[in-house]
Amino acid sequence: MYIPRLHPDTIEEVKQRADIYDVVSEHIVLRKRGKDYVGLCPFHSEKSPSFTVSQTKQMYHCFGCQTGGNVIKFLMDLEKRSFSEVVLDLARRYQVSVTTLEPEQRQELQRQLSLREQLYEVLATAERFYQHALKHSADNALQYLQSQRQLREETIQMFGIGYAPAGWETLYRYLVEDKRYPVQLVEKAGLIKPRKEAGGYYDVFRDRIMIPIHDVLGRVIAFGGRSLGDEQPKYLNSPETEVFIKGKTLFALDKAKAAISQSDSAVVVEGYFDAIALHAVGITNVVASLGTALSLEQVRQVLRYTESKQLILNFDADKAGNIAAERAIGEIADLAYKGEVQLKILNIPDGKDADEYLHAHQPEDYRQLLTNAPLWLNWQIQRIIQDRDLKQATDFQQVSQQLVKLMKNITNNDTRNYYVSYCAEILSLGDARLISLRVENLLTQIAPERGSREKSYQTPLAKTKSDHLSSAPTNKRSLLEQAEALLLWIYLHFPEQRQAITEALEERDLQFSLSHHRFLWQQILEIPSGGIDDNLISTVQDKCVESEEEMALVLHLFHLNEKIKQETLRTPQVIQAAIACMERVLREKRYRHFLELWETTDPEAEPQQWQSYYEAFYNEKMQLQELDRLRLFSITDLL
Ligand SMILES: [Zn+2]
């Protein structure tokens, strides 16, 4: 949505009032450690928590992926929203009055803000209307829920299930004529539609069981409507609206998140009633996809609440052919091959869905199915070998080809190695002497692609003449990035070191090579009192309030972490090491440059040139070795 520019006072007040612990802990599980909190980083995959939240500084920082910043940055990254959107959201939550830079835009802004609020309100009113209708006017609906779905009164209440009466304008009349909601608002909420010819409006949901869909904070954002008989479609969902985006919503996540975090695993079922039935019998770490393939967004949302990233997909076995599975698994396949999610597949025997299954079985039986659910990769292997006779040459051939194809997808090395032996065992048909041969066969068949990838990756290294110069380009870049960040960090937090840093940079004529570092350095240089300002950080932040993009990239530097603090005593050495690291990059470029000139010069035709290039690159090489000595301790250890 379009948002006019916000007044810096508004931004400032939001920063003051929004508490980072409150906001972050809504999204990930935080534990107290010392005076800070730690949890699993939502921005990279990890098994032990390196994501730290400091309430006193109102900052977060991840030691794993080096992201960090304040509460606004956190929500921007997590929800992929713009700076202004996040500020507005927080403003609303913490009751900060919003001022925009241009007064005439204020009205427009308030209109948009209030649109969402009004949508929540009208949807909540509709929810109550449907609930009332279920209790007072719909025997057949109640009957359906109680006998066919076997739902108890308390479950119906907990999920806020209701009934949309059969008339064409029942809800319309209630909301627009009785409650006086603007007709456009009710339309925007996806509850009514304009008639094509006659004019006027009609209800979207008629004679249906109404299942409200809540967001993670428990607000009604849409409805799923189930027809009572055989009318098609069986399920009708609200259209997407300002507050409801299908691919970002999981049914019952608001009710499941505590249990997901407690059991450290999440179950995803297909239908609303599957989720409801499971919750009703006390299996509450369950959410439902809304009939679509799982999107990355949905999976990330649910995985945020688990530490071991265990996700169990329960989809109907009757359509669990490979295609249906691929479809349901959607965008998570990649995560699973990379080993970033422990994906398990649960197919209920006899092609039943969870709801049907529970009518005939005990909750304990379903729990047993969950426990026994195979990992997705094993499940795929099982499907490949089922109904095959591996003693037949053609079957054997086809199976091993399919297994090879599957293993080529696995990008995590450990996982792939594990499955290579697993498959080799299957293909050995119980003859232990054959296993190592099969392993070798499989590896060769998987190898070509891996080999070529590794080779191309190594090329830049292979060209390097001198061993001690070689390091992967990506490492070098991140080391340099860290060195630069470190210098800026020290500059911001240790005023007594500022002069030394400025001098060291000037003396060697060094520039920051990353553009966001250059940007920050430029901002610091532009502040006249930058060298002595005790509040340099807030001065820089105030100065750059408009440069959201660049600031987002350097925000983590404004946070002073414990590890760095312990190094305070060694700051002169740290500065020296960081400078050496920056200088090294410059020197290395020159070294390569002269080396190349030397190699391409014909010593007999141009002996003098050849000699001078030789001296130049040799000199650079000596300098590089000296710089390496200066880097007495590893900067990576420090960060
Ligand atoms: Zn991280």
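The values are calculated or read from the model by the stated rules, or taken from the named source; none is laboratory data. As the structure is a computational prediction, the values presented were derived from the model and not from experiment. We place every Cβ from the backbone using ideal geometry, glycine too, and count neighbours over all the protein chains shown. To get the accessible areas, we keep the full protein, side chains included, count just its heavy atoms, and leave off ligands, DNA and RNA. Shrake-Rupley method; radii C 1.70, N 1.55, O 1.52, S 1.80 Å.
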Next item on the list: Kindly list, by first and then second residue, each pair from a residue in the range 482-494 that is over 13 Å from ILE537 (Cβ atoms) to a residue that is open to solvent by 10 Å² or more (accessible area, probe 1.4 Å) and hydroxyl-bearing (Ser, Thr, Tyr), limited to pairs with Cβ atoms under 9 Å and residues at least 6 apart or on different chains.
Entry: GLN482/THR636; GLU484/SER513
Next item on the list: Inspect the range 127-137 for any residue being farther than 30 Å from GLU550 by Cα, more than 16 Å from the ligand (Cβ to nearest atom) and at pLDDT below 85 and give the result as yes or no.
Entry: yes
Item checked: Conditions (1) crowded, with 17+ Cβ neighbours inside 10 Å; (2) within 25 Å of PRO42 (Cβ to Cβ); (3) modelled with pLDDT of 85 or more: number failed by ASP264 -> (1)
Notebook entry, point to check: List the pairs whose first member sits in the range 427-439 and is modelled with pLDDT of 80 or more and buried (at least 17 other Cβ atoms within 10 Å of the Cβ), whose second member is assigned to a loop (DSSP other than H, G, I, E, B) and among the polar types (S, T, N, Q), and whose Cβ atoms are under 9 Å apart, counting only residues at least 6 apart or on separate chains?
Noted result: ARG438/SER428
Item checked: Test: residue in the range 229-240 that is open to solvent by less than 40 Å² (accessible area, probe 1.4 Å) and assigned to a helix (DSSP H, G or I) -> no
Margin query: Six or more apart or on different chains, Cβ atoms under 7 Å: show the pairs whose first residue is in the range 369-383 and in contact (Cβ under 8 Å) with a residue 60 or more places away in the chain and whose second is open to solvent by 50 Å² or more (accessible area, probe 1.4 Å).
Written below: ARG383/ASN322
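So if I check each of LYS405, LYS391, which one is part of a loop (DSSP other than H, G, I, E, B), over 27 Å from the mean Cα position of the chain (by Cα) and surrounded by fewer than 14 Cβ atoms within 10 Å (Cβ to Cβ)? It would help to see each step written out before you state the result.
Working: LYS405 fails: part of a loop (DSSP other than H, G, I, E, B).
Checking each option against the conditions leaves just LYS391.
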Next item on the list: Answer yes or no as to whether ILE381 is open to solvent by less than 50 Å² (accessible area, probe 1.4 Å) and part of a helix (DSSP H, G or I).
Entry: yes
Next item on the list: State all residues of the range 519-547 that are touching a Lys or Arg at 6+ places or on another chain (Cβ under 9 Å), assigned to a helix (DSSP H, G or I) and charged (D, E, K, R); if no residue qualifies, say none.
Entry: GLU526
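Mind checking whether some residue in the range 109-116 is more than 16 Å from the ligand (Cβ to nearest atom), of a type outside the set (A, V, I, L, M, F, W, C) and surrounded by 14 or more Cβ atoms within 10 Å (Cβ to Cβ)? Full working, then the answer.
Of the residues in the range 109-116, the ones more than 16 Å from the ligand (Cβ to nearest atom) are 109-116.
From what's left, of a type outside the set (A, V, I, L, M, F, W, C): 110-112, 114, 116.
This time we only want the ones that are surrounded by 14 or more Cβ atoms within 10 Å (Cβ to Cβ), so: 112, 116.
There is at least one residue in the range 109-116 that is more than 16 Å from the ligand (Cβ to nearest atom), of a type outside the set (A, V, I, L, M, F, W, C) and surrounded by 14 or more Cβ atoms within 10 Å (Cβ to Cβ).
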Checklist line | Those residues of the range 5-28 which are in a helix (DSSP H, G or I), open to solvent by 50 Å² or more (accessible area, probe 1.4 Å) and either basic (Lys, Arg) or farther than 14 Å from SER97 by Cα (or both), in sequence order | finding: LYS15, ARG17, TYR21, ASP22
Margin query: Just to be sure I understand the filter: pairs with C-beta atoms under 8 Å, separated by 6 or more residues or on different chains, first member in the range 47-70 and more than 20 Å from THR306 (Cα to Cα) and assigned to a strand (DSSP E or B), second member more than 7 Å from the ligand (Cβ to nearest atom) and open to solvent by 50 Å² or more (accessible area, probe 1.4 Å). Which pairs pass?
Written below: SER54/LYS35
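Yes/no per residue for (1) of a type in the set (A, V, I, L, M); (2) open to solvent by 30 Å² or more (accessible area, probe 1.4 Å); (3) modelled with pLDDT under 80; (4) closer than 23 Å to ALA483 by Cα:
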position	(1), (2), (3), (4)
GLU562	no, yes, yes, yes
THR571	no, no, yes, yes
ILE579	yes, no, no, yes
PHE594	no, yes, no, no
ASP602	no, yes, yes, no
TYR613	no, yes, no, no
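So, in the range 29-46, how many residues would count as being in a loop (DSSP other than H, G, I, E, B), more than 10 Å from the ligand (Cβ to nearest atom) and of a type in the set (A, V, I, L, M)? Steps first, please.
Narrowing the range 29-46 to residues in a loop (DSSP other than H, G, I, E, B): 29-30, 34-35, 40-46.
Filter again for more than 10 Å from the ligand (Cβ to nearest atom), leaving 29-30, 34-35.
Restricting the remaining residues to those that are of a type in the set (A, V, I, L, M) gives 29-30.
Counting residues in the range 29-46 that are in a loop (DSSP other than H, G, I, E, B), more than 10 Å from the ligand (Cβ to nearest atom) and of a type in the set (A, V, I, L, M) gives 2.
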Checklist line | Scope the range 248-259; condition surrounded by fewer than 17 Cβ atoms within 10 Å (Cβ to Cβ) and either without any contact (Cβ under 8 Å) to a residue 12 or more places away in the chain or not charged (D, E, K, R) (or both); matching residues | finding: ALA258
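Suppose the filter is more than 29 Å from the chain's Cα centre (by Cα), more than 16 Å from the ligand (Cβ to nearest atom), part of a helix (DSSP H, G or I) and surrounded by fewer than 19 Cβ atoms within 10 Å (Cβ to Cβ); does GLN150 pass it? Please lay out each step first, then the result.
Values: more than 29 Å from the chain's Cα centre (by Cα): yes; more than 16 Å from the ligand (Cβ to nearest atom): yes; part of a helix (DSSP H, G or I): no; surrounded by fewer than 19 Cβ atoms within 10 Å (Cβ to Cβ): yes.
Considered against the rule, which asks whether it is more than 29 Å from the chain's Cα centre (by Cα), more than 16 Å from the ligand (Cβ to nearest atom), part of a helix (DSSP H, G or I) and surrounded by fewer than 19 Cβ atoms within 10 Å (Cβ to Cβ), GLN150 comes out as no.
For the structure I just gave you, tell me whether PHE74 is surrounded by fewer than 19 Cβ atoms within 10 Å (Cβ to Cβ) and of a type in the set (A, V, I, L, M, F, W, C).
Values: surrounded by fewer than 19 Cβ atoms within 10 Å (Cβ to Cβ): no; of a type in the set (A, V, I, L, M, F, W, C): yes.
Answer is no for this residue.
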Next item on the list: Find all pairs meeting these conditions: Cβ atoms under 6 angstrom apart; at least six residues apart or on different chains; first residue within the range 28-43 and closer than 18 Å to ASP77 by Cβ; second residue aromatic (Phe, Trp, Tyr) and away from the ligand (no atom under 12 Å from the Cβ).
Entry: LEU30/TYR37
Notebook entry, point to check: Restricting the range 177-202 to residues that are modelled with pLDDT of 95 or more and closer than 22 Å to ALA138 by Cα, which is most open to solvent (accessible area, probe 1.4 Å)?
Noted result: TYR202
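Here is a check on your reading of the model: is SER308 surrounded by fewer than 17 Cβ atoms within 10 Å (Cβ to Cβ), among the small types (Gly, Ala, Ser) and within 27 Å of HIS27 (Cβ to Cβ)? Lay out the reasoning, then the answer.
On the way: surrounded by fewer than 17 Cβ atoms within 10 Å (Cβ to Cβ): yes; among the small types (Gly, Ala, Ser): yes; within 27 Å of HIS27 (Cβ to Cβ): yes.
Judged against the criteria, SER308 is a match.
Can you tell me which residue is farthest from TYR419 (Cα to Cα) among those in the range 328-375 that are among the hydroxyl-bearing types (Ser, Thr, Tyr) and crowded, with 16+ Cβ neighbours inside 10 Å?
Filtering the range 328-375 for residues among the hydroxyl-bearing types (Ser, Thr, Tyr) gives 337, 357, 366, 371.
Pick out the ones that are also crowded, with 16+ Cβ neighbours inside 10 Å and you get 337, 357, 366.
Numbers: TYR337: 12, TYR357: 32, TYR366: 28 Å.
Out of the qualifying residues, it is TYR357.
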Notebook entry, point to check: Could you list, in sequence order, the residues of the range 47-68 that are open to solvent by 20 Å² or more (accessible area, probe 1.4 Å) and near the ligand (Cβ under 8 Å from one of its atoms)?
Noted result: SER50, PHE63, GLY64, CYS65, GLN66, THR67
Item checked: Residue count, the range 267-297 (criterion: surrounded by fewer than 19 Cβ atoms within 10 Å (Cβ to Cβ), in contact with a helix residue (DSSP H, G or I) (Cβ under 7 Å, 6 or more places away or on another chain), assigned to a loop (DSSP other than H, G, I, E, B) and at pLDDT below 85) -> 2
Check: Hey, any hits in the range 155-168 for a residue that's modelled with pLDDT under 95 and in contact with a Pro (Cβ under 7 Å, 6 or more places away or on another chain)?
Finding: no
Margin query: Tally up the residues in the range 205-228 that are open to solvent by less than 20 Å² (accessible area, probe 1.4 Å) and outside any strand (DSSP E or B), please.
Written below: 1
Check: Among the residues of the range 78-92, is there at least one that is assigned to a strand (DSSP E or B) and within 12 Å of the ligand (Cβ to nearest atom)?
Finding: no
